[in-house]
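Encoded as structure tokens, the structure appears first; notes follow it.
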Amino acid sequence: MFSKFAGFSDNNMASISDIRSMFPALERKVYGKSLVYLDNAATGQRLSSVIEMWDESSRNHNSNLHRAVHLLASEATEEYESARDAIRQYINAESREEVIFTSGTTASINLVAYSFGEAFVKEGSEIIVTEVEHHSNIVPWQLLCQRKGAFLKVLPVDDDGYLRIECLEKMINDNTAIVCVSHISNVLGIVNPVKEIVRICHLKGIPVLIDGAQGVVHCSVDVQDLDCDFYAFSGHKIYAATGTGVLYGKKRWLEAMPPFLGGGEMVGTVKFSGTTYAPLPMKFEAGTQNFSSAITIRPALEFLKSLNDKELNQYYEKVKTFVYDSLINDKRIRLFGVPRGTTEDKIPLFSFCVEGVHHEDLALILDKMGIATRSGQMCAEPIMDRFGVSGMLRASFAPYNTIEEAEYFIECLNRAIKMLR
């Protein structure tokens, strides 16, 4: 019915040029120069198969889900639910009922903060977040604390960007309701020891939510192996459509939590005397879903699976190592998130400052050279405060970025620094 993932066969390994051909935006020119897109931690570019699936759905299968018996509704529902099955399989959830569609990581975390909070957080409860969190994994918990009279506690990070998990056990007490941690910081690029954090918390009976916005892009996510209670991620980070996301939650928690939103689809029966709710996962999917976009997570996941190739991974590692070595050995540059020993704990995401140069000025000059980077606080103001800076410049790489682009970035960065100092 819908077009399948237009990838490459198992017997024909993709080259970097094959991968790039799947992303139309990479053919763009910026100020007369070929686009070098290094803002992937914010949003990945879209796959052709994602664009084609969204277009096909919008043109030929545009109908509301689950409700009608006509053909278009049946087709739309089938594709939507098959996307849920693909997600369940990809993250190894125990059941499809544990996969909730949302509009993104932010919406997923807000859902848990509200619904889990209503059921399990009371006056005097404590919620633990970490110093490296995105605002989306801080503010929802602050709002919950304000509503409930609860308290927010912060697990610190060391000077290299590693969480001080030796402090975690002492922070947990009888009032702790939940621990919330990012799989990978969107500023530091360090892979956090989330499995160990879950183990420590579960020994004391404390559930854990993982913000997987960056983790699902760069790590093999197995929620049963992690044993996390909640895992949240966005579609647009993994080359799918924007406005899409996933909340994984263990069934026992989801069943015990009240709905976040009320309205169509999430109900069982509605009477003025009272309403009952639909079973999982519908209980948390009120209203008309973003179905034409949600289904694009399926070809995006197929693409991610296709990247599990030794030679491709070695090439990607080569790009990361080159950029890391270039930045860490430049005395003008202060790099944040410095791995210990090898770069195994770091993804190809580099946030840094240049002495005497404003990060936004650097970003503007790089843009004129065709290079898209991110400047500012990256929606993570507390970690900026931790390192005593007003903002940083961030270059984040994806599998479609080449070693030639990495070399061009370092060359242009050097030119920009010389112009501004």
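Within the range 51-96, how many residues turn out to be acidic (Asp, Glu) and open to solvent by 40 Å² or more (accessible area, probe 1.4 Å)? Steps first, please.
At the first step, the residues of the range 51-96 found to be acidic (Asp, Glu) are 52, 55-56, 75, 78-79, 81, 85, 94.
Subsequent filtering for residues that are open to solvent by 40 Å² or more (accessible area, probe 1.4 Å) retains 52, 55-56, 78, 85, 94.
Within the range 51-96, residues that are acidic (Asp, Glu) and open to solvent by 40 Å² or more (accessible area, probe 1.4 Å) number 6.
Got at least one residue in the range 345-361 being open to solvent by less than 70 Å² (accessible area, probe 1.4 Å), under 20 Å from Val191 (Cβ atoms) and touching a Phe, Trp or Tyr at 6+ places or on another chain (Cβ under 6 Å)?
Taking every residue of the range 345-361 in turn, at least one turns out to be open to solvent by less than 70 Å² (accessible area, probe 1.4 Å), under 20 Å from Val191 (Cβ atoms) and touching a Phe, Trp or Tyr at 6+ places or on another chain (Cβ under 6 Å).
Which residues, counting only those in the range 255-281, are in contact (Cβ under 8 Å) with a residue 60 or more places away in the chain and either open to solvent by 50 Å² or more (accessible area, probe 1.4 Å) or among the hydrophobic types (A, V, I, L, M, F, W, C) (or both)?
Ala256, Met257, Phe260, Pro279, Leu280
Residues that are farther than 23 Å from Tyr31 by Cβ and not basic (Lys, Arg): which helices (runs of 4 or more DSSP H) entirely in the range 350-421 hold 3 or more of them? Break it down stepwise before answering.
Values: elements: 359-368, 381-387, 403-420.
Correct list: 381-387.
Within the range 130-146, does at least one residue satisfy the condition of being open to solvent by 30 Å² or more (accessible area, probe 1.4 Å), charged (D, E, K, R) and more than 26 Å from Arg334 (Cα to Cα)?
If we filter the range 130-146 for residues that are open to solvent by 30 Å² or more (accessible area, probe 1.4 Å), which is where we start, we get 131, 134-135, 139, 142-143, 146.
Still in the list and also charged (D, E, K, R): 131.
Next, from what is left, pick out any that are more than 26 Å from Arg334 (Cα to Cα): none.
No.
Determine which single condition Lys318 fails, assuming it passes every other condition in (1) within 21 Å of Ser15 (Cβ to Cβ); (2) open to solvent by less than 70 Å² (accessible area, probe 1.4 Å).
Of the numbered conditions (1) within 21 Å of Ser15 (Cβ to Cβ); (2) open to solvent by less than 70 Å² (accessible area, probe 1.4 Å), the odd one out for Lys318 is (2).
Is it the case that the range 330-338 has a residue that's outside any strand (DSSP E or B) and exposed (fewer than 14 other Cβ atoms within 10 Å of the Cβ)?
Looking only at the range 330-338, we keep the residues that are outside any strand (DSSP E or B), and these are 330-332, 337-338.
Among the residues that remain, those that are also exposed (fewer than 14 other Cβ atoms within 10 Å of the Cβ) are: 331.
Yes, because at least one residue in the range 330-338 is outside any strand (DSSP E or B) and exposed (fewer than 14 other Cβ atoms within 10 Å of the Cβ).
Which residue pairs have Cβ atoms under 9 Å apart, sit 6 or more places apart or on different chains, and have a first residue in the range 328-342 that is free of Cβ contacts under 8 Å to residues at least 12 places away in the same chain and a second that is among the acidic types (Asp, Glu) and part of a loop (DSSP other than H, G, I, E, B)?
Within 9 Å, the pairs are Lys331/Glu355.
Is at least one residue of the range 119-138 of a type outside the set (A, V, I, L, M, F, W, C) and without any contact (Cβ under 8 Å) to a residue 12 or more places away in the chain? Let's see the steps before the verdict.
Keep residues of the range 119-138 that are of a type outside the set (A, V, I, L, M, F, W, C), which gives 122-126, 130-131, 133-137.
From the residues that got through so far, the ones that are without any contact (Cβ under 8 Å) to a residue 12 or more places away in the chain too are none.
Checked the range 119-138: no residue is of a type outside the set (A, V, I, L, M, F, W, C) and without any contact (Cβ under 8 Å) to a residue 12 or more places away in the chain.
The values are calculated or read from the model by the stated rules, or taken from the named source; none is laboratory data. All of these numbers come straight from a predicted model, not from anything done at the bench. Here Cβ is always computed from backbone atoms with ideal geometry, including for glycine, and neighbour counts include all displayed protein chains. Please note that ligands, DNA and RNA were not included when accessible areas were found on the heavy atoms of the full protein model with its side chains. Shrake-Rupley method; radii C 1.70, N 1.55, O 1.52, S 1.80 Å.
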